[in-house]
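Chemist: Mind looking over this structure? Questions follow.
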Amino acid sequence: MCKTTTNKYKVFVALHEEARDPCIWIPNDDKVNSGDCIKVQCTSTQKKVYCECRVLDDNYINYYNDRHHTNKIREQNKAIIISEYYRKKLGNLKSGENYDFEIDYGHNCCLFRLFSIYWHPDRYFQLAIIFAVISILLSFISLIAQFFL
C-alpha cells in the first residue's frame, strides 16, 4: 500500500562519504523505515527518482552539523539531504533552497527495487544489474524455446 506526503523541504548536500550512496535522507516519519524504497518527486520540476531512504535522527543531525564545511540543519522535520547525483536527476536542485517534494512510501516490491537500481549513482552497479536482467530474460527465452522445438 503506497502512502504519499507532500511537503516543503530545505535541500542539504550529502556528506562526501555518502555521495555515491543510493539513498536520500528524509525526516523521521512513522510511515517509513530506513532502507525502504521510495519515490521522490520535485513538484516544481516534475522530475522523480526511486531510491532507498534513510531516516534523519538526532544522532545523524549532530554528526552532520559537526562538520565544519556543511550548512547546519536547524529544523530536522523540514530538511532533506540529497547527493549531487540525485539533485541533478531531480532537476538541478540547489542546496539551501526550499522545494516542494512529493514522497511516495511503500514501494518495496521487486519492480520498484528495479526502478531504484536504474537510478543508482554507481554506473558499474547499473551495468551489472542490466547484465543480470538480460541473462534472466535469455534464460526464460531458452526455457520457452525448449517447449516449442
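Chemist: Quick one: would you say Lys78 is touching a residue at least 60 places away in the same chain (Cβ under 8 Å), surrounded by 14 or more Cβ atoms within 10 Å (Cβ to Cβ) and in contact with a Lys or Arg (Cβ under 7 Å, 6 or more places away or on another chain)?
Modeler: no
Chemist: Taking the options Asn59, Asn33, Asn65, name whichever one is under 16 Å from the mean Cα position of the chain (by Cα), surrounded by fewer than 16 Cβ atoms within 10 Å (Cβ to Cβ) and without any contact (Cβ under 8 Å) to a residue 60 or more places away in the chain. Break it down into steps so the answer makes sense when it comes.
Modeler: Values: Asn59 fails: under 16 Å from the mean Cα position of the chain (by Cα); Asn65 fails: under 16 Å from the mean Cα position of the chain (by Cα).
Selected residue: Asn33, the only one of Asn59, Asn33, Asn65 that is under 16 Å from the mean Cα position of the chain (by Cα), surrounded by fewer than 16 Cβ atoms within 10 Å (Cβ to Cβ) and without any contact (Cβ under 8 Å) to a residue 60 or more places away in the chain.
Chemist: Let me spell it out: the conditions are (1) out of contact with any Leu (no Cβ under 7 Å at 6 or more places or on another chain); (2) under 21 Å from Ile117 (Cα atoms); (3) surrounded by fewer than 20 Cβ atoms within 10 Å (Cβ to Cβ); (4) modelled with pLDDT of 90 or more, and Ala14 meets all of them except one. Which number is the exception?
Modeler: For Ala14, the exception is condition (3).
Chemist: Looking at the range 19-30 only, could you name the residues that are surrounded by fewer than 17 Cβ atoms within 10 Å (Cβ to Cβ) and closer than 15 Å to Thr5 by Cα? Working first, answer last.
Modeler: Filtering the range 19-30 down to residues surrounded by fewer than 17 Cβ atoms within 10 Å (Cβ to Cβ) leaves 19-20, 28-30.
Those that are surrounded by fewer than 17 Cβ atoms within 10 Å (Cβ to Cβ) and closer than 15 Å to Thr5 by Cα: Asn28, Asp29, Asp30.
Chemist: Same structure, new question: Under 8 Å between Cβ atoms, at least 6 apart or on separate chains: pull out the pairs that start in the range 108-134 with a residue that is at pLDDT 80 or above and end on any residue that is exposed (fewer than 11 other Cβ atoms within 10 Å of the Cβ).
Modeler: Qualifying pairs under 8 Å: none.
Chemist: For the range 27-48, give me the residue count where each residue is touching a Cys at 6+ places or on another chain (Cβ under 9 Å) and either part of a loop (DSSP other than H, G, I, E, B) or modelled with pLDDT of 90 or more (or both).
Modeler: Residues in the range 27-48 being touching a Cys at 6+ places or on another chain (Cβ under 9 Å) and either part of a loop (DSSP other than H, G, I, E, B) or modelled with pLDDT of 90 or more (or both): 7 in total.
Chemist: In addition: Looking at the range 89-100 only, could you name the residues that are free of Cβ contacts under 8 Å to residues at least 60 places away in the same chain and exposed (fewer than 13 other Cβ atoms within 10 Å of the Cβ)?
Modeler: So the first thing to find is which residues in the range 89-100 are free of Cβ contacts under 8 Å to residues at least 60 places away in the same chain, and the list is 89-92.
Correct list: Asn92 only.
The values are calculated or read from the model by the stated rules, or taken from the named source; none is laboratory data. These numbers come from a predicted model, not from an experiment. Note that each Cβ is placed from the backbone with ideal geometry, even for glycine, and that neighbours are counted across all protein chains shown.
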